[in-house]
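Data block below; observations after.
The values are calculated or read from the model by the stated rules, or taken from the named source; none is laboratory data. Since the structure is predicted, the reported quantities are computational estimates derived from the model, not experimental observations. Note: ideal-geometry Cβ built from the backbone for every residue, glycine included; neighbour counts use all protein chains shown.
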Amino acid sequence: MRSATLAPPSEDKRWRLVDATMRRHGHSPNALIETLHTVQESFGYLEDDALRYVAKSLHVPMSRVYGVATFYYFFSLKPAGEHRCVVCLGTACYIKGGKAILDTISEMAGIKPGQTTPDGRLSLLTVRCVGSCGLAPAVVFDDEVKGRVTPPEAIDRVKDWF
Amino acid sequence: MAINMDELKERVVASQEADAQFTHSIRVCMASGCLSSQSDLLKKELEAELKKRGLEKTCQIKGVGCFGPCANGPVIAVEPNGPMYQEVKVTDIPAIVEALDTKPVEKLVLPTDTPFFNRQVKIVLENSGKIDPESIEDYIAAGGFEGLVRALHEMTPQEVIDSLTKANLRGRGGGGYPTGLKWSTVAKAEGAHKYVICNGDEGDPGAFMDRSVMEADPFRVLEGMLIAGYAVGADYGYLYVRAEYPLAVKMLKAAIRQATKQGFLGKNICGTPFSFEVDIRLGAGAFVCGEETALIASIEGKRGQPRPRPPYPAESGLWGYPTLINNVETYANIAPIIRRGMEWFHDIGFHKNRGTKVFALSGKINNIGLIEVPMGITLREIIYDIGGGIPNGKAFKALQTGGPSGGCIPAEHLDTPISYESLSQLGSMMGSGGMIIMDETSCMVDVAKYFMEFCMDESCGKCVPCRVGTAHMYDLLSKICDGSATLDDLALLEQLCDVVKNTSLCGLGQSSPNPVLSTLRYFRDEYMAHIVEKRCPAGVCKMKHAVEA
Amino acid sequence: MATVKTFKINDEDVSGREDETILQIARENDIFIPTLCNMEGLSSVGSCRLCLVEVKGWTKLATACVTKIQEGMEVYTDSERLREYRRMIVELLFSEGNHICAVCVSNGRCELQDMAQILGMNHLVVPYRRPNLKIDASHERFINDQNRCILCTRCVRVCDEIEGAHTWDVMGRGIEATVITDLNEPWGASQSCTTCGKCVQVCPTGALFEKGKSVAEMSKKREFLPYLTSMRGNGKAK
């Protein structure tokens, strides 16, 4: 199969992980989402070069790859900030003040939800339920879920990140 | 490996004997809720403490799934007959170990003789908080795989389907479609292959039932899928799980590995001609993928856009082959029904609603967490007995069920017994099981706006009414909330609700007006206050042009 | 041999092969059902929702372009309720983009405009959303004006199913969804586009048009489609 020998966009060792995922699925076009998950996990976001490489390797049209990559919120086409602050806006968190936390951080950091500070230090994101409704309102600081967060606590946590 | 019932029983005994070596057992909740209050660290420290005291041979530590009272985490339980402790800190550990043989540590005890615990009936969650989800031996010791072995060795596929039909099991994803009927349609469909899919894309904001089941008892989900595979004649299964649930994915992966090693997955399962494999597919953040045709598109590596039905997936599903799709909780009900018999299941519940339903209680309620109750229990019992009522002396205003597809139920209907039909009649729906309680400080128009924003963001964009209609409805609700709407806007909102409900392609679009329709039905006065008096009765909405008092 | 089914459309007896849709049989019998996303020769997606019809005994409306006929079914293609819904759907489409007929290359030859006339939609109740969408004129022969796109995906389908290039697809979701070429790159820079122009010819509005055409000058040639489809030996691709 020609696709198996296609050279990755760079020498970066992380491409081996991407190749491994594609190989595990026999380079089937069905493996597109699984492969994009690996790219996102390995590189933190989906670069155009990566999308081109995946498209060619899996024999999926370029526009379809882009269509899939932009359909799912889990995928990002831009690099995320060094730190991530993800505010849960699930129903339980919303009625217990998740929105107030978001607004406070947004105002303090001067970025809107979905944006990264100009220095690339902090990304402010929202999520529709992390499933920690028992601890509402919940915020994920980097990879750590914190429950029953108040706006001052949230600020305290992220103030060094911007 | 040809596992039969006798061998399975032997393993149960062996496992019980192994446990009997310990005089005590401490179970630590390692599910997502308690993990976010560092229960993993707690477990490690407990182990260290036992070792320090030379107790590691007499006291066993077990990481288990959710106990239920998620807001009181981290939760641990001491066996035998010991207490359950809440909000345990690392500094509490010496006292807890000290108290193993004496009186419990009073200040940490979580009382279990309360309605929250004794009003529940557990089928789906029977192993939750009891077994180590990473241990197949634990699962077997709790009666695991008995249903599968019985089905394979003692029942025909048709008999399996018949017992589900007679048990009157209905889809727990929310729609309530009879499971037996669905299975029999797939069984009858012709195809060179057939697939079994487990929908673990729990997307309703405010719902965490399926996550808990996958984290606490992953083998149970696999066993349900295996029995389904046998019954409908499928040889491959997919578990479609939200990427936001990394722990559930980890548990399921470990379960698949162990089950394969032990011959419960793979070729010639339990020495029969039945072969079945399971793979996991990660969702990538699209609520619409809970819709079965969108979910199939997503497994095929495409944009998760629904297509019109018929044809239903039962005839033409994954890659055009007959496909059975059920959600996590439905599969979790299968093994117990086969193991304990349909009569046992049928005795729980009422009318056409048999068995139990798992709900995630959250919002303005004292006992936040995961509960499993028999069908037919009233909403009032759930909120005031099990849920312990509304905190801070506030008044109950509404119960939201069914997520963005459901509605808000006011106080006057709290004595309604829970069933698929009764909740629909109230303008809401059973849904997957999220129950969010709102008190007088919640504005119902704001809640409707919140859900409409959700539907607008999650609309796939394929069909016109949902794509454009939800955006217009959101704009109109925003206008109402900021006090700039007129009565004409309200009329237009109601007209759009009708159009979007009746003309959208899939369930997401068709049900997106429900939160608006149900709040209009029960709380129209709040809409009128915003529009006519330019006032938000709950004080939530900020009015653009506040009327001078 | 496929079995023949007999049923009723608007109380009239009609018949067709079991693999045919309500829409196909209606057209054979000169019964009008409005459509926008549907196009003979391309696969059906059922996304515009204009072809919804009532079927006696069904709780939900049926999508005529994808619903296979059934023995004895009673289909109604016209009612006050259906007219109301269809009018609103066209209205939603007009509100979504920037459809200013007076300055459009397709004025007088636009399927969206035709539909508005047929369905009697002469003013909007819903507010215009007035999006600010891009116009891509990078292609040597064609222009893509997204402000006039109704996301029917005919261009996506014809490019994939007939031309086999799959230059087009849809990106994003919900109200933000748009059609794109390759990795959302300028059309003119597309590696996969063969410049065959089929997408332009099947586009129902003035979203895709030929360069050099002025107001009301763009008429679209569709004759090729049934011909190419029959060359492929089946009624619908894929």
Evaluate the following for A:Ser42: is it without any contact (Cβ under 8 Å) to a residue 40 or more places away in the chain, closer than 30 Å to B:Asp439 by Cβ and assigned to a helix (DSSP H, G or I)?
no
Given the options B:Gly206, B:Gly191, name the one that is at pLDDT below 95, in a loop (DSSP other than H, G, I, E, B) and surrounded by fewer than 24 Cβ atoms within 10 Å (Cβ to Cβ).
B:Gly191
Here's a check for you: in region C:166-176, which residue that is crowded, with 21+ Cβ neighbours inside 10 Å and not hydrophobic (A, V, I, L, M, F, W, C) is farthest from B:Tyr474 (Cα to Cα)?
C:Thr167
Where A:Trp161 falls short, out of the listed (1) at pLDDT 90 or above; (2) surrounded by 18 or more Cβ atoms within 10 Å (Cβ to Cβ); (3) away from chain B (no Cβ under 14 Å):
(1)
Would you confirm, using the coordinates I've provided, whether B:Cys466 is closer than 30 Å to B:Asn353 by Cα and within 14 Å of chain C (Cβ to nearest Cβ)?
no
Counting residues that are out of contact with any helix residue (DSSP H, G or I) (no Cβ under 7 Å at 6 or more places or on another chain), which helices (runs of 4 or more DSSP H) fully inside region B:443-549 reach at least 3?
B:487-503, B:514-531
What is the one condition in (1) within 13 Å of chain B (Cβ to nearest Cβ); (2) under 18 Å from the mean Cα position of the chain (by Cα); (3) not β-branched (Val, Ile, Thr) that C:Asn147 does not satisfy?
(1)
So which residues in region B:493-534 are within 21 Å of B:Cys443 (Cβ to Cβ) and free of Cβ contacts under 8 Å to residues at least 24 places away in the same chain?
B:Leu493, B:Arg524, B:Asp525, B:Met528, B:Ala529, B:Glu533
Scope region B:26-85; condition of a type in the set (Ser, Thr, Tyr) and more than 17 Å from B:Val97 (Cβ to Cβ); matching residues:
B:Ser32, B:Ser36, B:Ser37
Taking the stated definitions as given, is A:Asp119 acidic (Asp, Glu) and assigned to a loop (DSSP other than H, G, I, E, B)?
yes
Restricted to region B:90-106, and to residues that are of a type outside the set (A, V, I, L, M) and out of contact with any helix residue (DSSP H, G or I) (no Cβ under 8 Å at 6 or more places or on another chain), which residue is nearest to A:Leu135 (Cα to Cα)?
B:Thr91
On the basis of being more than 11 Å from the chain's Cα centre (by Cα), in a loop (DSSP other than H, G, I, E, B) and within 10 Å of another protein chain (Cβ to nearest Cβ), does A:Val60 make the cut?
yes
Looking for something more than 14 Å from chain A (Cβ to nearest Cβ), part of a helix (DSSP H, G or I), touching a residue at least 60 places away in the same chain (Cβ under 8 Å) and at positive phi - is there at least one such residue anywhere in region B:256-275?
yes
How about region B:276-311: which of its residues are in a helix (DSSP H, G or I) and more than 9 Å from every other protein chain (Cβ to nearest Cβ)?
B:Gly290, B:Glu292, B:Thr293, B:Ala294, B:Leu295, B:Ile296, B:Ala297
Suppose we keep only residues that are among the polar types (S, T, N, Q) and touching a strand residue (DSSP E or B) at 6+ places or on another chain (Cβ under 8 Å) within region B:31-71. Which one would you say is nearest to the other protein chains (Cβ to nearest Cβ)?
B:Ser36
Those strands (runs of 3 or more DSSP E) lying entirely in region C:5-86 with at least 2 residues within 19 Å of the chain's Cα centre (by Cα) and surrounded by 22 or more Cβ atoms within 10 Å (Cβ to Cβ):
C:52-55
Go through region B:426-449 and count every residue that is over 22 Å from B:Met209 (Cα atoms) and of a type outside the set (A, V, I, L, M, F, W, C).
7
Quick check on region C:151-165. Is at least one of its residues in contact with a strand residue (DSSP E or B) (Cβ under 8 Å, 6 or more places away or on another chain), surrounded by 17 or more Cβ atoms within 10 Å (Cβ to Cβ), more than 29 Å from C:Thr229 (Cα to Cα) and away from chain B (no Cβ under 14 Å)?
no
Matching entry among B:Leu41, B:Leu50, B:Leu100 (being under 25 Å from B:Lys250 (Cβ atoms), part of a helix (DSSP H, G or I) and not hydroxyl-bearing (Ser, Thr, Tyr))
B:Leu41
Residue check for C:Thr67: farther than 27 Å from C:Gln146 by Cα and at the interface with chain B (Cβ under 9 Å from one of its Cβ atoms):
yes
Take the residues in region B:106-148 that are aromatic (Phe, Trp, Tyr) and under 19 Å from B:Tyr331 (Cα atoms), then tell me which one is farthest from the chain's Cα centre (by Cα).
B:Phe145
Name the single residue, out of those in region A:63-87 being in contact with a helix residue (DSSP H, G or I) (Cβ under 6 Å, 6 or more places away or on another chain) and assigned to a strand (DSSP E or B), that is farthest from the other protein chains (Cβ to nearest Cβ).
A:His83
Counting only residues that are polar (S, T, N, Q) and surrounded by fewer than 22 Cβ atoms within 10 Å (Cβ to Cβ), which one in region B:354-395 is nearest to B:Met155 (Cα to Cα)?
B:Thr378
Considering (1) over 17 Å from B:Asn333 (Cα atoms); (2) more than 16 Å from the chain's Cα centre (by Cα); (3) free of Cβ contacts under 8 Å to residues at least 60 places away in the same chain, say which one B:Arg242 fails and leave the rest.
(2)
